[in-house]
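In what follows, a structure is listed as structure tokens, so that the remarks can point back to it.
The values are calculated or read from the model by the stated rules, or taken from the named source; none is laboratory data. Small disclaimer: the values here were computed from a predicted structure and weren't measured. In this analysis, Cβ positions are derived from the backbone assuming ideal geometry, glycine residues included, and neighbour counts consider all displayed protein chains.
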Amino acid sequence: MWGYANVAIIGIDLGTVNSVIAHLDEDQKPVTIHNAEGDITTPSVVLFDPAGIVVGKEALKAAAIEPEIVAAFAKREMGEPEFSKPIAGHRLPPEVVQSFVLRKLREDASLVLGEVTQAVITVPAFFNEPRRKATQDAGRLAGLDVIDIINEPTAAAIAFGVHRGFLSSRGTAMQAELVLVYDLGGGTFDVTLMRIDGQHFEAVATAGDVYLGGIDWDTALAEHIAGEFQQQFGFDLREDAAATQRLLQDAEDAKRALSQRMEVTLPVECGGQRARYKVSRGKFEELTTALLDRTRFTTTKMLQEAGVAWGDLTRILLVGGSTRMPMVHAMLERESGIKPDRSISPDEAVAHGAAIYAGMLQSLAAGERPKLSV
Ligand code: AMP
């Protein structure tokens, strides 16, 4: 028997930009756990304040003011001996930085569930052994017993599969599936082709771009607006760091609104001048089409190398906040002829899958656990 039959095990999506935690409720349904600030996502950012370590939203805010004592994007460096940026003169291993994020997640989960000590943590499918081991070590340093590490696309497939009914609650596929998991987050793009046969989950191929994500869509829109402003007033607001920062934030808000509406208005204020610019969804898509094309090329190339045509896919699962953009669904549907599955919130799918998998480990007898191969 497993040694954790009756304890709460959490699923952790330990992201590059944001992390999410989930558990199974009494009905065995995955539920996202809100952090101590009341949010469902926690920025994976650590502030090494002399008064103590701070993780999450507060640390992210501090990054603009005290960048020398803030560590972000440590996930990109997992498996390296040292984090590239010295923090207050010290060189820390990346897993130590990540362990602070995990400790906050564990503590926040414990506020809701009572003392939590066990977790399943997800990692990108392309993580090699040293990076997986570093993730495991980060968990241990955070006081967690990491009962398994699973691939993010596998976790997403489990969450959608159980929700949609193409997997049983024990993780067995009703029929063979060839699934594309398209994950476009804030700063990274990952795409994985998965074959699911019975209880066998295989990541057949994986590709991506560690420097492509929602932030690039924000920047493209901000650049366009700054250009309009310059034409109108004859000076470049990008020379003003605070105005640029504000514009980037407003561009992100406008981008999100454009996922719901066909037109938004973006206010700009700099150097005593004010203006409002209308942006249509069509214009936004035109400005960012090259970015979307990069994800299309990467996906097509990966499929070609795996000897799979777009039309062979049985499902497309969307993960990552940026997949809320209508241009993403439209492109994927155009290429594949199938409607991408958007039935689970793209921010929560991976954590939910990790929680479901943790539940499977808890309830299944040894030998029956799904086989998750890389
Ligand atoms: P993640 O890294 O998965 O948390 O994704 C965060 C990214 O998703 C950020 O770039 C957000 O701006 C983006 N995002 C969140 N909601 C939306 C939305 N409704 N429309 C477009 N992008 C969004």
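Scanning region 315-340 for residues being surrounded by fewer than 20 Cβ atoms within 10 Å (Cβ to Cβ), among the charged types (D, E, K, R) and not in a helix (DSSP H, G or I) gives a total of 1.
All of ALA5, ALA88 fail the test of being of a type in the set (A, V, I, L, M, F, W, C), loosely packed, with under 15 Cβ neighbours inside 10 Å, closer than 27 Å to TYR357 by Cβ and modelled with pLDDT under 90, apart from ALA5.
Which ones in region 174-183 are loosely packed, with under 15 Cβ neighbours inside 10 Å and under 19 Å from SER336 (Cα atoms)? The answer is ALA176, and nothing else.
Screening region 146-251 for strands (runs of 3 or more DSSP E) wholly inside it with 1 or more residues that are at pLDDT below 95 returns the ranges 189-197, 200-209.
To keep it simple, each residue is scored yes or no on (1) touching a Leu at 6+ places or on another chain (Cβ under 7 Å); (2) buried (at least 18 other Cβ atoms within 10 Å of the Cβ).
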position	(1), (2)
LEU113	no, no
PHE127	no, yes
PRO130	no, no
ALA138	yes, yes
GLY143	no, no
THR154	yes, yes
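When region 267-282 is filtered for residues that are in contact with a helix residue (DSSP H, G or I) (Cβ under 8 Å, 6 or more places away or on another chain) and either within 10 Å of the ligand (Cβ to nearest atom) or charged (D, E, K, R) (or both), the ones remaining, listed by number, are GLU269, ARG281. Check GLU82, GLU37, GLU26, GLU68 and return the single one that is out of contact with any strand residue (DSSP E or B) (no Cβ under 9 Å at 6 or more places or on another chain), in contact (Cβ under 8 Å) with a residue 12 or more places away in the chain and more than 16 Å from the ligand (Cβ to nearest atom). Of the residues listed, the single one that is out of contact with any strand residue (DSSP E or B) (no Cβ under 9 Å at 6 or more places or on another chain), in contact (Cβ under 8 Å) with a residue 12 or more places away in the chain and more than 16 Å from the ligand (Cβ to nearest atom) is GLU82. Among the residues making up region 341-361, those that are part of a helix (DSSP H, G or I), hydrophobic (A, V, I, L, M, F, W, C) and within 17 Å of the chain's Cα centre (by Cα) are ALA349, VAL350, ALA351, ALA354, ALA355.
Being free of Cβ contacts under 8 Å to residues at least 40 places away in the same chain and under 23 Å from GLY186 (Cβ atoms) is true for just one of VAL101, VAL123, VAL54. Which residue is that? Only one candidate passes the filter, namely VAL54. The single condition from (1) surrounded by fewer than 18 Cβ atoms within 10 Å (Cβ to Cβ); (2) touching a helix residue (DSSP H, G or I) at 6+ places or on another chain (Cβ under 8 Å) that GLY307 fails is (2).
Filtering GLY161, GLY214, GLY171 for residues that are under 23 Å from LYS301 (Cβ atoms), small (Gly, Ala, Ser) and surrounded by 20 or more Cβ atoms within 10 Å (Cβ to Cβ) leaves a single hit, GLY214. One residue alone among ALA51, ALA62 is loosely packed, with under 14 Cβ neighbours inside 10 Å and either within 17 Å of LEU144 (Cβ to Cβ) or of a type in the set (A, V, I, L, M) (or both), and that residue is ALA51. The single condition among (1) modelled with pLDDT of 95 or more; (2) small (Gly, Ala, Ser); (3) within 16 Å of the ligand (Cβ to nearest atom) that ALA119 does not satisfy is (3). Counting only residues that are surrounded by 13 or more Cβ atoms within 10 Å (Cβ to Cβ), away from the ligand (no atom under 11 Å from the Cβ) and closer than 13 Å to ALA226 by Cα, region 244-266 holds 5 of them. Residues GLY198, GLY227: which one is at positive phi, more than 18 Å from the chain's Cα centre (by Cα) and surrounded by fewer than 17 Cβ atoms within 10 Å (Cβ to Cβ)? One residue alone meets the criteria, GLY198. In region 126-139, the residues that are assigned to a helix (DSSP H, G or I) form Cβ pairs under 8 Å with partners that are acidic (Asp, Glu), at six or more places apart or across chains, as follows: ALA134/GLU95; THR135/GLU95; ASP137/GLU95; ALA138/GLU95; GLY139/ASP145.
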